[in-house]
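A.B. asks: Below you will find the structure I want to go over with you.
The values are calculated or read from the model by the stated rules, or taken from the named source; none is laboratory data. What you see is a predicted model, and the numbers here were worked out from it, not measured in a lab. All Cβ positions, even for glycine, are placed from backbone atoms using ideal geometry, and neighbour counts span all protein chains on display. Accessible surface areas use protein heavy atoms only, side chains included; no ligands, DNA or RNA. Shrake-Rupley method; radii C 1.70, N 1.55, O 1.52, S 1.80 Å.
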Amino acid sequence: MDKPNARKVHTRIMPRLGGLAIYLAFIGSFFLILPFIPDGLLSAYDRNLIRAMLAGGTIIVLTGALDDRFELSAKVKLLFQLIAACVVVFGFDVKIDLLNIPFGQSMQEISGWISIPLTIFWIVGVTNAINLIDGLDGLAAGVSGIAITTILIMAFFLGFEPIILMSCLLLGGILGFLTFNFHPAKIFMGDSGSLFLGFMLATLSMIGFKQVTVVSLITPLLIIGVPIADTFFAIIRRWVNKRPIFAPDKGHLHHCLRELGFSHRKTVLIIYGVAAFFGLAAIVQSVFVQSQAANWVTFVVISLMVFFMQIGAELIGIVDKSKRPLLSLLSRMRLKPEEQRGK
């Protein structure tokens, strides 16, 4: 059971092992349809990827369930997340070995001493990013569902059958759970759900689109732009305030929007809209932009997105309520021409 405290938004005791429902729906439906999958649809390589996802996902969901029941320390949870990531990398030899860097050559192979830590960092980072945004009814499930839908659409256009299959199964579990999790929630997903969804998003975005030849370095970041941005600002906020990085607080995006006066549902829907915008940008980038000019388009779009994200972060006070460096700089730049005209 999840008991209310000063950091949490809910005001009554709630069950919080809903993540097991998502996991069981996903893995149960997979094994139900497995005998009916046509021969040749999944190659030996595809089956290896799916086994890696199932093995690592099981470790992650068990870790989250234990944390929901016994409240594990952050270090213990991180250890099990690293174990799950290492199972994927070393147990099934799944890693980021091809990378397209903007303004570089079409596709470059990276050596193991870079690909292995990069893959582990990606899996653990995205897993925790989804966990950090799980603060309002339906928020983590909805944002994850939008990201999975984005991956599904991209996989459909690009013809990645294994990713289409796994995305459909996972999306079904998420939508079924949202029936009971959207405000007012009857059950929470807990860490068993948020960690599992984060892990699945990390692996799906990694193995599904590492071979896309147009700025594939950026595409996965756009798919999960909301949790990545919220995690980034959380790290900056805690560093500025000299607090431990893993220390929980009430400064996340959803907390700031609530402080501005938005209702529970409106806050969640606003974040859904931002997540959908990121997803649309990812789809346009990976599917519809196929020219060399895409590098410059991507550079401009990402620069503008970072600029407006910083403006938004300062307006809502997600890092610091009093420090607004970019807004102060823009204000000074606007005042200087006025002062010159006055002289």
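A.B. asks: How much length is gained if the chain between residue 82 and residue 3 is pulled fully straight, taking 0.36 nm per residue apart and subtracting their Cα-Cα distance, in nm to one decimal?
C.D. replies: 25.6 nm
A.B. asks: Could you state the accessible area per residue of region 17-332 in Å², with a 1.4 Å probe and every protein chain left in place?
C.D. replies: 46
A.B. asks: Using a 1.4 Å probe on the protein heavy atoms, what percent of the accessible area of region 17-332 belongs to carbon and sulfur?
C.D. replies: Roughly 72 percent of what the probe reaches on region 17-332 is carbon or sulfur.
A.B. asks: In nanometres, what is the gap between the two model label sites at residue 306 and residue 31, each 7 Å from Cα along Cα-to-Cβ?
C.D. replies: Here the answer is 4.6 nm between the modelled labels.
A.B. asks: With a ≥ b ≥ c taken as the square roots of the eigenvalues of the C-alpha gyration tensor of region 13-87, please select rounded if a/c is under 1.5 and otherwise prolate if a/b is larger than b/c or oblate if it is not?
C.D. replies: On the way: a/c = 5.59, a/b = 1.68, b/c = 3.33.
Here region 13-87 falls in the oblate category.
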